[in-house]
Structure formats: C-alpha cells, structure tokens
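The values are calculated or read from the model by the stated rules, or taken from the named source; none is laboratory data. What you see is a predicted model; the values in this text were computed from it and never measured. We place every Cβ from the backbone using ideal geometry, glycine too, and count neighbours over all the protein chains shown. Surface accessibility is based on the protein's heavy atoms, side chains included, excluding ligands, DNA and RNA. Shrake-Rupley method; radii C 1.70, N 1.55, O 1.52, S 1.80 Å.
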Amino acid sequence: MPEAGYEAAARLLELLRAHGLTIATAESCTGGLVAGALTAVPGSSDAVVGGFVTYSNGMKTRMLGVPEEVLASVGAVSEACARRMAEGTARESGADIGVSTTGIAGPGGGSAEKPVGLVYIGAARRDGRSEVERHVFPGDRAAVRAATVEAALRLAAEMARA
C-alpha cells in the first residue's frame, strides 16, 4: 500500500472521530485492503467497527443482503451491487457508514463491457443516504487495488462530512 493510502486513512479516522461516527467495510476486489489501511493507524478501533471480505456472490448475498436478482441482472461489478454492499455493511455491522469496493483488478477477467480496472465504490449511511462512484483505474493489479483503496477512503470521508 502506498503511503498516500495510509495518510488518507489517518485523515478519514480524524474526521470520523470529530463527527462521532463509526465505519465498516465490505470488500471484493480489494480483499481487505481498505480495512487494513484503516486499522494500520494506531487507535483506529474507536472508529472502525469491522469489515467483510465478500469475494463471492454468495457471500455478498448472505453477509450483506445483496439481492440475487441484482447479481443475476447486472453482476457483482456494478453500481447496484456496490450500493447494496455499502448499505448492507452499515446495516449488518451497525456502523454509521459502510463503504464497499467491487471491481476487476486483473490481470484477467475483463471484457469490452467491463474492462480490467473497472471498479465501483459505494458509501452509505445508516440514515439511508448513499453514493456510488465508477472508476476505470490504469495499471496492474496492485495499482488498481491501491487506487481503489485511496478512492474508497476519500468517498467515505465525503460521506462522513455529509
């Protein structure tokens, strides 16, 4: 993880503390890197509730409540899935904010419709507000995952300020 990811995590944690908020993560393509960046910061346990690594569609459904219909119709790498993952994370963890990542980190698995580097990042608050961003990050698997972590931490910070 580049140093920028840890710096973004520290800034997000300061913001969460200032607003009295907690966060939880749901990760597919990042496999726990967002939670890892957050928990690398000393004292993070006062704002980080926990996280889910939901790599398979079955786990997205069982752990986060992502409807099978969403996965069947638009797939796991989609705006709808990222939104449902973030909402499910806040709901199931009890955190104020849930942040999610789902995408194609590569090197394989891409298509013309969904290229390698395509990532959706979701953030949701328990009060019902949610937002999803679509990105196509360049580079190899490590670069895509690192960029996703930084973008997820930024989106979570925006949700904390909302």
The chain, accessible surface, carbon-and-sulfur percent (1.4 angstrom probe) = 52 percent
Report the FRET efficiency, 1/(1 + (r/R0)^6), for Arg141 and Ala4, where r is their Cβ-Cβ distance and R0 is 22 Å, rounded to 0.05.
-> 0.80
Residue by residue through the range 33-48, the couplings from Karplus 6.51 cos²θ - 1.76 cosθ + 1.60 with θ = phi - 60°, in Hz, x for Gly and Pro, are 5, 5, 4, x, 5, 5, 7, 6, 7, x, x, 5, 5, 7, 10, 9
From the list (i) 14.3, 43; (ii) 14.9, 47; (iii) 17.0, 56, can you say which value of Rg and Dmax of the Cα atoms in Å was derived from the structure given?
-> (i)
Compute the separation of the alpha-carbon centres of the range 49-97 and the range 113-128 and state it in Å as a whole number.
-> 10 Å
Environment charge at Ala10 (Cβ cut-off 15 Å; Lys +1, Arg +1, Asp -1, Glu -1) = -2
Find out how many positive minus negative residues lie around Glu87, taking Lys and Arg as positive, Asp and Glu as negative, among other residues whose Cβ is under 13 Å from that of Glu87.
-> +2
Would you work out the charge dipole size for the range 59-120 about its Cα centre, treating the Cβ of every Lys and Arg as +1 and the Cβ of every Asp and Glu as -1, and quote it to the nearest 20 debye?
-> 100 debye
Charged-residue dipole, Cβ positions (Lys, Arg, Asp, Glu), the chain about Cα centre, Debye nearest 20 | 140 debye
Could you pull the accessible area for Thr39 with a 1.4 Å probe, rounded to 10 Å²?
-> 80 Å²
Rounded to whole Å², per residue accessible area for the range 30-140 with a 1.4 Å probe reads 45 Å²
